[in-house]
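The structure appears below as structure tokens.
The values are calculated or read from the model by the stated rules, or taken from the named source; none is laboratory data. Here the structure is a predicted model, which means the values were calculated and not measured. A quick note on method: Cβ atoms are made from the backbone with ideal geometry, for glycine too, and the neighbour counts reach across all protein chains shown. The area values use the complete protein model at the heavy-atom level, side chains included, leaving out ligands, DNA and RNA. Shrake-Rupley method; radii C 1.70, N 1.55, O 1.52, S 1.80 Å.
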Number of protein chains: 2
Amino acid sequence: MAVSERGPRERMVFSAAQLIRRDGVTATGLRDVAAHAGAPRGSLGHYFPGGKEQLVNEAVAWAGRYAAKRVDRFLAEMSEPSPSRLFAAMVRQWTDEFETVGFTSGCPVVAATVDWADSTESTRAAAADAFAGWSRPVARALTGMGVPAERAEPLATLMISALEGAILIARAERDVRALTTVARELAPLLDGAVIRRT
Amino acid sequence: MAVSERGPRERMVFSAAQLIRRDGVTATGLRDVAAHAGAPRGSLGHYFPGGKEQLVNEAVAWAGRYAAKRVDRFLAEMSEPSPSRLFAAMVRQWTDEFETVGFTSGCPVVAATVDWADSTESTRAAAADAFAGWSRPVARALTGMGVPAERAEPLATLMISALEGAILIARAERDVRALTTVARELAPLLDGAVIRRT
DNA sequence: GCTCTACTATGACGGCTGTCATAATCGACG
DNA sequence: CGTCGATTATGACAGCCGTCATAGTAGAGC
């Protein structure tokens, strides 16, 4: 095992995340996922014996890990890190996508929460894990920049909340205005939380 | 006409909004809406000749008007208005619902955006209108409290973004933590935008 | 070469969807 | 009383859904 070079299973999870974040969980059919992944429909039952529920949960988990990795990458690429610059990078990822690809897709974790949080417990838990796994590196980054430990987690929650909300508004308005606005307005508050720093 | 005492038509729009904010747009069937409203299924085609699309759009518009009215009511009930207190009231509406009714339902406008923003143009536009109609009274309230005109609208966008995002996280976590956090963390920034005031 | 496992392929199944056509029913108005 | 419009009732329709059963095809290990 181990070195499977991007197998059909992984492709299906990835495709599921892409379709879910565009059309929602309910509107995304398993046949669509297989077709989008270029994978045989008959493999779905094999790789995901738990059915659609398992596939959706894995897609949500994948999205959470992806978001967390992006935070680490933003941090590594930053020459002079600051909370506002980290938030700006997180926001810019979305303004870039909206302006180049279009406003067709949002966040898969949000879609899963909206569509299945009340009906499918395991998916609700997967979404909660995704948010937690995304928030953790953000909070860690903030403490690394000099934000007191007790404020890092609340500020990370605020950042993710504002970002997710702005993504929704931007999608509805087909305008990145909400995203650039929250980045600008939140900047002084975020940088003001830094205590020590040369 | 005019004095129709909460007719079946209005009840169906209301029921649609309730079901949509719990299960999402796609998972909400027209038969469910009629049953929830205690209305005859055969009436759907009569009152909404535009089909499900029309019903969903009216439900979204209704939700937008409702949110706007709530802002005005919060303002009227406030003895010493301040931006942070207005935001706290908006957040408290949701913490109250989550703690009493449970975490079953979110915001219908968000559900419509997630499920149909990319596939149904009219619904996307209805969601944008709902956000705009909700943002307007918030911005107006801020200027009334002494926030400079050019900052009122951006701050209103930030408030609604953070609120919507926190609602999503709270639903996923089944915990109001995210909501109380954004209310607390955003308070000094909001009140700091007030210029003149006795 | 055989075997056994992993994967693929295909179609059927019941159930649900939104939409529409047709009728029956009601209620007011002339 | 009769009529006509608005509302309700019911069922049919094609289409999609997730799931499952069955069968076919590789491909590695011995």
Counting only residues that are at the interface with another protein chain (Cβ under 7 Å from one of its Cβ atoms) and in a loop (DSSP other than H, G, I, E, B), region A:106-118 contains a total of 3
Filter result (aromatic (Phe, Trp, Tyr) and within 16 Å of DNA strand C (Cβ to nearest atom)) within region A:42-87
A:TYR47, A:PHE48
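The rows are residues; the columns are (1) at pLDDT below 95; (2) touching a Leu at 6+ places or on another chain (Cβ under 9 Å).
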position: A:SER43; (1), (2): yes, no
position: A:ALA61; (1), (2): no, no
position: A:ALA67; (1), (2): no, no
position: A:SER84; (1), (2): no, yes
position: A:ALA89; (1), (2): no, yes
position: A:ARG124; (1), (2): no, no
position: A:GLY133; (1), (2): no, no
A:THR26 fails exactly one of the following numbered conditions: (1) more than 8 Å from DNA strand D (Cβ to nearest atom); (2) under 21 Å from the mean Cα position of the chain (by Cα); (3) open to solvent by 10 Å² or more (accessible area, probe 1.4 Å). What is the number of that condition?
(1)
For region A:60-92, give me each residue that is under 30 Å from A:ARG31 (Cα atoms) and in contact with a Phe, Trp or Tyr (Cβ under 8 Å, 6 or more places away or on another chain).
A:TRP62, A:GLY64, A:ALA67, A:ALA68
Which one is nearest to the other protein chains (Cβ to nearest Cβ) among residues in region B:166-198 that are open to solvent by 50 Å² or more (accessible area, probe 1.4 Å), more than 20 Å from the chain's Cα centre (by Cα) and β-branched (Val, Ile, Thr)?
B:ILE195
When region B:106-153 is examined, which residues are found to be open to solvent by 10 Å² or more (accessible area, probe 1.4 Å) and among the polar types (S, T, N, Q)?
B:SER119, B:THR120, B:SER122, B:SER135, B:THR143
Keeping to region A:54-95, report how many residues are within 14 Å of chain B (Cβ to nearest Cβ) and either within 16 Å of DNA strand D (Cβ to nearest atom) or outside any helix (DSSP H, G or I) (or both).
3
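From the residues in region A:23-41 that are away from every other protein chain (no Cβ under 14 Å) and of a type outside the set (Gly, Ala, Ser), which one is nearest to DNA strand C (Cβ to nearest atom)?
By that ranking, first place goes to A:PRO40.
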